[in-house]
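**Student:** Before I ask anything, let me first share the structure, which is written out below as structure tokens.
The values are calculated or read from the model by the stated rules, or taken from the named source; none is laboratory data. The shown structure was predicted, so the numbers you read here are calculated from the model rather than taken from an experiment. Neighbour counts are summed over all protein chains in view; Cβ atoms, including those assigned to glycine, are modelled from backbone coordinates with ideal geometry. All accessible areas refer to the heavy atoms of the entire protein, side chains included, with ligands and DNA or RNA removed. Shrake-Rupley method; radii C 1.70, N 1.55, O 1.52, S 1.80 Å.
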Amino acid sequence: MKQATILLLSFFFLSLAASAQKTVPNVNVKTLDGKTVNLKEYAAKSGKTIIIDFWATWCSPCKKELDAIADYYEEWQEKYHVELLAITIDNQRALPKVPGMVESKGWKYTIFAGNEEEMRNAFNFQTIPQTLVADKNGNIIFEHNGYVPGDEEELEKVVAKAAGK
């Protein structure tokens with residue numbers, strides 16, 4: 001009887017944990033040329049591990065993080081089949097600066113623009129840079145905010161694990 005109760009409780013808590021899994025939310029962003037993209041659908045169709053990085057042109061730590069990742073990104077794409085979505089939360093006034101900055105930095109990321117309030121609510125974050133990793137099934141497996149040099153090494157470990165390497 002005691003064993004059956006333990007088994008039942010174990011099953012209950014495992015079910016609860018599984019249902020609490022965060023996934024990429026059903027939220028829209030825009031490409032830099034104004035096309036609407038649903039992030040949940042995008043992640044589902046990609047078949048890749050997805051890094052989602054929220055940033056803004058005015059955020060120095062954000063730019064430092066994206067610069068640091070740029071040094072590894074091509075290698076990560078080959079080794080881990082990963083895609084980085086750099087989602088700017090710049091307002092309409094600052095948004096025109098984004099394409100020039102991306103080009104001057106040489107960032108090879110997929111760049112989207114999202115409404116700051118919608119992104120903060122959908123992904124439940126307060127500060128940027130905010131970095132998330134979603135596995136091939138759209139489950140969010142890692143979240144990190146802020147940036148200090150070396151964070152990209154931790155990020156690579158997460159991406160490698162998601163890729164089964």
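**Student:** Once you list every other residue whose beta carbon is under 14 Å from the beta carbon of ASN26, what net charge do they have if Lys and Arg are +1 and Asp and Glu are -1?
**Tutor:** +1
**Student:** Per 0.36 nm of contour for each residue apart, how much would the distance between ILE141 and LYS157 grow if the chain were fully extended, relative to their Cα-Cα spacing?
**Tutor:** 4.6 nm
**Student:** Could you check how much of the accessible area of the chain is carbon and sulfur, as a whole percent, using a 1.4 Å probe?
**Tutor:** 53
**Student:** Per residue, how much accessible area does the chain show when a 1.4 Å probe rolls over the protein heavy atoms, in square angstrom?
**Tutor:** 58
**Student:** If I take all pairs of Cα atoms in the stretch 106-165, what percentage of them are more than 18 Å from each other?
**Tutor:** 46
**Student:** Separate question: Taking each pair of different alpha-carbon atoms in the stretch 92-135 once, compute 1/r for the pair, average those values, and report the inverse of that mean as the Kirkwood hydrodynamic radius in Å to one decimal.
**Tutor:** For the stretch 92-135, inverting the mean 1/r across all distinct Cα pairs yields 12.3 Å.
**Student:** Which peptide among 93-102, 49-58 comes first, and what is the full order, when sorted by highest mean count of other Cβ atoms within 10 Å?
**Tutor:** Order by mean packing, descending: 49-58, 93-102.
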